[in-house]
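The values are calculated or read from the model by the stated rules, or taken from the named source; none is laboratory data. These numbers were taken from a predicted model, which means no experiment stands behind them. Heads up, the Cβs are rebuilt from the backbone with ideal geometry, glycines too, and the neighbour counts pull from every protein chain shown. Accessible surface areas use protein heavy atoms only, side chains included; no ligands, DNA or RNA. Shrake-Rupley method; radii C 1.70, N 1.55, O 1.52, S 1.80 Å.
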Amino acid sequence: MPVTIRTLKKRKQDGEKFSMLTAYDATFARLISEAGVDAVLIGDSLGNVIQGRDSTVPVTLENMVYHTECVARGNQGSLVLADVPFLGAATLDRILEASGALMQAGANMVKLEGGAWLAEAVTVLKRNGVPACVHLGLTPQAVNAFGGYRVQGKDEQGARELLDAAVALERAGAAMLLLECVPRALSAEITAAVNIPVTGIGAAPECDGQVLVMHDMLGLNASPARFVKDFMAEAGGDVATAFRAYDRAVKDGQFPAEQHCF
Ligand code: KIV
């Protein structure tokens, strides 16, 4: 049975975790989905891990569409999410154009980086049959505005803004939220405050699901972030074993551990 947004909502209701990994091509998408990972994200992190850039800012809609088509061909039933790239969410027209292209390339859901200001767009997308995941907290496309890759929501005002945004976006019709580099206690609070699934990365084991960049969890990043675990280290060099170990660790609540949180 293919994984749908209904599957992930039911997992949340039943208190069961879900797993997600990034993929950018057909072969890894097939291996990830065959390993039982529930969702595959064509992240604009492809700017870093595929294109060798130092941020996701240069990634284009054309790049995203190409890699989404590749992943969709290899996928074996996982939910497919694709990132709307830099400035793709600047206006409603641009969001609709980017989301249309990504859905027609094979995505089941689009992911937008931003905040409460995306509420109107999320409502319009939902009305037009496009489920949206909103990425909150450290949104890498805004690295230049943040002045670096920094944990978000650490002070009272920042925490309140993130919590309010999550509630407003659920009300607007968001299908999912993704929290990146948000303190553990706040991530847990946000996850409990909404009924839609919340995916974490550098967030909390209390989130409904977890995501990692595939290259990071395969131990291919020379300077991994604190929230990364190398699942290849114990997989005897076998990629499929590493994907299965990640899926199991997320579903058993073994990953992330305290040392992966802020
Ligand atoms: O682009 C990406 O891979 C992402 C994940 C880090 C969540 O947005």
Original post:
With every protein chain left in place, what is the accessible area of Tyr149 in Å² (1.4 Å probe, nearest 10)?
Top reply: 120 Å²
Original post:
How much accessible surface does Glu258 have with a 1.4 Å probe, in Å² rounded to 10?
Top reply: 110 Å²
Subject >> Distance in nm between pseudo-label sites at Gln259 and Asp14 (7 Å out along the Cβ direction from Cα) >> reply: 3.3 nm
Subject >> Linear extension gain, Asp238 paired with Arg127, 0.36 nm per residue minus alpha-carbon span >> reply: 35.7 nm
Original post:
What are the lysines whose alpha-carbon lies under 21 Å from the alpha-carbon of Lys111, with same-chain residues fewer than 8 places away excluded?
Top reply: Lys9, Lys10, Lys12, Lys17, Lys126
Original post:
Under a GNM of the chain (C-alpha, springs under 10 Å), which listed residue has the highest mean-square fluctuation: Ala225, Ala168, Ala119?
Top reply: Ala225
Subject >> Unit Cα scatterers, Debye sum, the stretch 5-260: log10 I(q)/I(0) for q = 0.07, 0.10, 0.16 Å⁻¹ >> reply: -0.20, -0.42, -1.21
**OP:** First measure r as the distance between the Cβ atoms of Asp93 and Ala142, then evaluate 1/(1 + (r/R0)^6) with R0 = 25 Å and state the FRET efficiency to the nearest 0.05.
**Re:** 0.75
**OP:** Just reorder Glu97, Glu180 by solvent-accessible area, largest first, 1.4 Å probe, all chains present.
**Re:** Glu97, Glu180
**OP:** At a 1.4 Å probe radius, which order do Thr27, Thr191 fall into by accessible area, largest first?
**Re:** Thr27, Thr191
Subject >> Cα point-scatterer Debye curve for the stretch 200-259, base-10 log of I(q)/I(0) at q = 0.15, 0.21, 0.24 Å⁻¹ >> reply: -0.39, -0.77, -1.00
Subject >> Gain on full stretching of the segment that runs from Val57 to Val167 - 0.36 nm per residue minus C-alpha separation >> reply: 36.8 nm
**OP:** Round to the nearest 10 and report in Å² the accessible area of Ile95, as given by a 1.4 Å probe over the protein chains' heavy atoms.
**Re:** 0 Å²
Subject >> For the stretch 89-96, 3J(HN,Hα) per residue [Karplus equation, 6.51 cos²θ - 1.76 cosθ + 1.60, θ = phi - 60°, Hz, x = Gly/Pro] >> reply: 10, 5, 9, 4, 4, 5, 4, 5
